[in-house]
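Encoded as structure tokens, the structure appears first; notes follow it.
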Amino acid sequence: MIEVQNIHKSFGDNHVLRGIDANFEPGKISLIIGGSGSGKSTLLKCMVGLHAPEQGKVLYNGEDFTRMDFETRIPIRKEIGMLFQNSALFDSMTVEQNIIFPLEMFSDMSRNEKIDRANYCLERVNLAGRNKLYPAELSGGMKKRVGIARAISMSPKYLFVDEPNSGLDPETAILIDELISELTDEYQCTTVVVTHDMNSVMGIGDYILFLYKGQKWWEGSNKEIAHTDVEELNNFVFASPFMKAAKERF
Amino acid sequence: MFFTYFGQYLLLLKAVFRRPEKWNIYWKEIIHEMNEIGVGSLGLIAIISTFVGAVMTMQIAFQLVSDLIPTSVIGQINRDSSILELSPTITALVLAGKVGSSISSQIGSMRVTEQIDALEIMGINAPGYLILPKILAGITMIPVLVIMSIFLALVGGLAGGSLSGAVTPADYINGITDGFIGYTVAVALVKAFVFGFIITSVSAFKGFYVRGGALEVGQASTRGVVISCISILVADYIVTALML
Ligand SMILES: Nc1ncnc2c1ncn2[C@@H]1O[C@H](COP(=O)(O)OP(=O)(O)OP(=O)(O)O)[C@@H](O)[C@H]1O
Ligand SMILES: [Mg+2]
């Protein structure tokens with residue numbers, strides 16, 4: 001369980017987050033949605049401690065993560081898997097080395113066990129056999145998937161994914177959504193996904209947080225989102241004529 | 001302003017010297033960096049040292065016109081100035097450009113592409129993992145390079161002296177062995193150690209705190225080289241004043 005309480009974050013004069021409260025529950029997929037530049041990635045980075053919020057707290061199972069120092073954070077960090085918006089793969093390492101890197105640092109697995117684990121993770125993201133490629137040799141969508149494989153190599157209890165299916169074809173995108181949903185069930189992890197993708201919103205959104213003007217403008221489930229009359233949310237979700245027509249059919 | 005940066009630098013160093021998560025991974029990195037810094041700079045340092053040694057010998061011979069002074073003195077002067085000043089300082093200044101800029105651009109580009117954030121998320125001490133191996137490689141390999149540089153400066157002097165006819169090989173070798181004080185080599189090694197630390201840590205510091213994109217990475221690496229060079233000269237003065 002992750003609790004976010006009254007998070008404020010600014011960059012200079014740009015007050016990006018203006019008091020966000022939210023609870024993210026284990027075994028569920030929580031989505032953060034909102035327009036480009038609305039602070040979704042910033043919120044995610046505040047939650048994992050990459051940005052220090054000026055105000056507010058982030059609690060992991062009741063423990064205040066924001067006030068912890070580097071050493072006390074380590075046990076929680078080992079349980080976090082994260083996919084960055086631009087993948088952030090280590091470009092001096094091969095795909096396989098990227099995935100086993102956290103295992104090398106923190107596990108006592110043998111060499112073969114680690115490689116087996118890497119192969120398993122690669123299979124899950126449909127990239128079996130690409131072990132020896134370097135990040136520079138991958139397409140954008142493949143990088144995303146390797147990023148996911150790296151995020152799950154330690155069987156995380158907290159999974160953060162920033163736009164997992166931007167840049168993927170619809171079929172692979174759905175595959176990734178299914179994977180995220182399976183992993184959440186398997187590890188009973190607290191999963192937080194930042195997304196723009198309406199298929200994901202409708203498909204896997206157990207809990208949806210809509211950011212607008214630096215605030216939590218709306219929260220609810222994918223069942224509720226279709227019937228909301230919050231104008232800003234409707235404008236966001238049903239922006240395209242196609243989606244508008246779909247809404248009218250509901 | 002200076003004190004803010006210096007404080008930030010010291011805090012980074014504190015994080016660098018935290019206990020490593022796993023020594024065998026760090027060890028692998030250290031070997032890699034030693035190869036990169038040491039072996040990768042051998043050729044450049046060898047060429048520069050030989051030429052500087054040769055030119056120094058001819059220049060000393062040019063200035064020593066008196067018949068009262070034996071030509072073996074040329075060897076002596078070349079030896080002491082190479083050991084005490086030229087080899088350590090020139091090696092360090094050249095490496096500040098070569099090794100320093102590659103360290104800051106490597107770490108800087110990892111910063112702007114969020115690879116450092118990714119390390120941190122995993123619970124890895126990013127300064128330690130990225131910077132400690134470079135510093136350890138720097139403070140061990142740069143002294144080795146300086147020793148090699150001294151040796152080649154002397155060989156260069158021998159070649160330059162005899163080719164130009166300024167000093168016979170026998171006189172020159174007489175000169176470089178006559179009245180040799182081992183302590184001067186100790187001074188050179190202390191300098192090399194300090195310079196190695198400055199080059200690696202300053203350029204890593206500039207790279208580690210880059211904000212922005214590719215442009216800023218380039219600027220940071222240029223600034224890293226400038227600051228390293230100035231720090232090397234200041235440290236050179238301090239070590240000389242303290243030890244001689
Ligand atoms: N490191 C930073 N320094 C300064 N400003 C930043 C930084 N990161 C984000 N911002 C600003 O914060 C705001 C929110 O950025 P953020 O990346 O969180 O948006 P986002 O919702 O993830 O957008 P997108 O969907 O396009 O990824 C933007 O106005 C951006 O300019
Ligand atoms: Mg974003």
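The values are calculated or read from the model by the stated rules, or taken from the named source; none is laboratory data. On a predicted model such as this, the values are computed, not experimentally measured, just so you know. Neighbour counts run over all protein chains shown; Cβ positions are idealised from the backbone, glycine included. Just so you know, the surface numbers come from the protein's heavy atoms only, side chains and all, with ligands and any DNA or RNA stripped out. Shrake-Rupley method; radii C 1.70, N 1.55, O 1.52, S 1.80 Å.
Counted as qualifying within the range A:1-111 are the helices (runs of 4 or more DSSP H) with 1 or more residues that are in contact (Cβ under 8 Å) with a residue 60 or more places away in the chain and within 16 Å of ligand 2 (Cβ to nearest atom), namely A:40-48. Among the numbered conditions (1) within 14 Å of chain B (Cβ to nearest Cβ); (2) away from ligand 2 (no atom under 16 Å from the Cβ), the only one that A:Val161 does not meet is (2). Scanning the range A:53-63 for residues that are out of contact with any Cys (no Cβ under 6 Å at 6 or more places or on another chain) and more than 29 Å from A:Leu103 (Cβ to Cβ), we see that the one that is surrounded by the fewest Cβ atoms within 10 Å (Cβ to Cβ) is A:Glu54. Of the residues making up the range A:120-130, those that are open to solvent by 20 Å² or more (accessible area, probe 1.4 Å) and in contact (Cβ under 8 Å) with a residue 12 or more places away in the chain number 3. Counting only helices (runs of 4 or more DSSP H) that sit completely within the range B:26-125, those holding 3 or more residues that are within 14 Å of chain A (Cβ to nearest Cβ) and on the phi < 0 side of the Ramachandran plot correspond to B:101-112, B:115-121.
With respect to A:Leu43, is the statement that it is open to solvent by less than 20 Å² (accessible area, probe 1.4 Å) and within 16 Å of ligand 1 (Cβ to nearest atom) true?
Here the answer is yes, as A:Leu43 does meet what is asked.
Look at (1) in contact with a Phe, Trp or Tyr (Cβ under 6 Å, 6 or more places away or on another chain); (2) within 16 Å of ligand 1 (Cβ to nearest atom); (3) more than 23 Å from B:Gln115 (Cβ to Cβ) and you find that A:Ile2 fails only one, number (2).
Residue check: is A:Ile74 surrounded by 15 or more Cβ atoms within 10 Å (Cβ to Cβ), at the interface with chain B (Cβ under 8 Å from one of its Cβ atoms), touching a strand residue (DSSP E or B) at 6+ places or on another chain (Cβ under 9 Å) and not basic (Lys, Arg)?
Judged against the criteria, A:Ile74 is not a match.
Of everything in the range A:39-71 that is among the polar types (S, T, N, Q) and within 16 Å of the chain's Cα centre (by Cα), the residue that is farthest from the other protein chains (Cβ to nearest Cβ) is A:Thr42.
Residue check: A:Trp217 meets all listed conditions (1) modelled with pLDDT of 90 or more; (2) closer than 30 Å to B:Met122 by Cα; (3) in contact with a helix residue (DSSP H, G or I) (Cβ under 7 Å, 6 or more places away or on another chain) but one, namely (2). Candidates in the range A:131-176 are the residues that are surrounded by fewer than 17 Cβ atoms within 10 Å (Cβ to Cβ) and of a type in the set (D, E, K, R); of these, the one that is farthest from ligand 1 (Cβ to nearest atom) is A:Lys132.
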